[in-house]
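*Asks:* Quick one: the structure is below, and I'll ask about it shortly.
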Protein chains: 2
Amino acid sequence: MRLSDSIESFIKEMMTQEEPEVELKRNELAEYFNCAPSQINYVLATRFSPDHGYVTESRRGGGGYIRIVRVVRPGAQQILYLLNERIGSSITETEAVRLIIQLREQGLVTENEAAIMAAAVSAQALAVPVTEGIKDAIRAREMRTMLTALSARKRDE
Amino acid sequence: MRLSDSIESFIKEMMTQEEPEVELKRNELAEYFNCAPSQINYVLATRFSPDHGYVTESRRGGGGYIRIVRVVRPGAQQILYLLNERIGSSITETEAVRLIIQLREQGLVTENEAAIMAAAVSAQALAVPVTEGIKDAIRAREMRTMLTALSARKRDE
DNA sequence: TTGAAATGGTCAAAGAAAGTCAGAGTTTTG
DNA sequence: CAAAACTCTGACTTTCTTTGACCATTTCAA
């Protein structure tokens, strides 16, 4: 298993349902996992970014720390956030998938719904002779259209 | 016997009834069969594509892997049938919507799933500067990919 | 007050896989 | 048999991970 994955799991296990927040020491954690301290930053950047639904805060110097907080927004608000902040007029498959995973983790869509959306923006689905630029534009429009359709349905539930 | 056929058999034998999923390392497999790593991609493309009822997923970099999942769900047969019979290499929005409604009526997808699929193939989602012919080709691929992905998972919720 | 110690942050480069694609062989087919 | 279709390979590309050298901030003791 990847080091990054281990560190990710470790941190997530520290966060329970009632305590969506964890504080740790970068050097201690690096020591524990026998890796370079900057590895911790890598994990934070790739697995605990706002895109993943987390915010981090830290302090240097004596008694320094890193605090990670899981952000939970109400469903409609989260979808709006994604719509406005994360999806522009163009989005790559990787970015789109990340958003879909986040929607799933926050319980806003089911496994099946997430699978369908991921399929819709996949390279497989868009394997037609157009430029990458156009494909990314289509991805953005699809995400937008799908999320809008979804939030419309959620309203009258 | 052809190399590709051997690799195909090998992978299929790794998938048992209960475990319709296999994870492998491209380089290791290539090493085992004494061939170029890209040969594995060829086998995946020609024998484990969504059209064949499989979906694949992979990751690059350290600890990378390739995962292959076989479509097993009951009802999958029916979906695959529709996939090959009703969806060619091109489909109009009207036809796609008709198909989605039918899927819904047969209880093969939920309301939400149907809404997402319809959104994905809508004119709005595809409002980019490409010809209608290309759009219909994209619609066909999307329907195909979405339905394959869907039939690859268990019924939940 | 001020410099040393204690932390955490950044970034570039190396390493580890997997992906792509054109072209050379092979096999199948009309 | 010639053309089309299918296999395979190798060079090159892209993505993801890990490390290390150097930087920035905060605390604390002299």
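The values are calculated or read from the model by the stated rules, or taken from the named source; none is laboratory data. Predicted model, so just to flag it, every value in this text is computed and none were measured. Here Cβ is always computed from backbone atoms with ideal geometry, including for glycine, and neighbour counts include all displayed protein chains.
*Asks:* So which residues in the stretch A:113-134 are modelled with pLDDT under 90, more than 9 Å from every other protein chain (Cβ to nearest Cβ) and in a helix (DSSP H, G or I), if there are any at all?
*Replies:* A:Glu132, A:Gly133
*Asks:* Counting just the residues of the stretch B:36-57 that are over 14 Å from B:Ile11 (Cβ atoms) and within 11 Å of DNA strand D (Cβ to nearest atom), which one comes out farthest from the other protein chains (Cβ to nearest Cβ)?
*Replies:* Taking the candidates together, the pick is B:Ala36.
*Asks:* Please enumerate the residues belonging to the stretch A:13-36 that are within 11 Å of DNA strand C (Cβ to nearest atom) and loosely packed, with under 13 Cβ neighbours inside 10 Å.
*Replies:* Of everything in the stretch A:13-36, those that are within 11 Å of DNA strand C (Cβ to nearest atom) and loosely packed, with under 13 Cβ neighbours inside 10 Å turn out to be A:Glu23, A:Asn27, A:Glu28, A:Glu31, A:Ala36.
*Asks:* Is it the case that some residue within the stretch A:80-99 is over 30 Å from B:Val69 (Cβ atoms), of a type in the set (Asp, Glu) and away from chain B (no Cβ under 14 Å)?
*Replies:* Within the stretch A:80-99, one or more residues are over 30 Å from B:Val69 (Cβ atoms), of a type in the set (Asp, Glu) and away from chain B (no Cβ under 14 Å).
*Asks:* Select, from B:Thr145, B:Thr110, the only residue that is at the interface with chain A (Cβ under 8 Å from one of its Cβ atoms), in contact (Cβ under 8 Å) with a residue 40 or more places away in the chain, in contact with a helix residue (DSSP H, G or I) (Cβ under 8 Å, 6 or more places away or on another chain) and buried (at least 21 other Cβ atoms within 10 Å of the Cβ).
*Replies:* The match here is B:Thr145.
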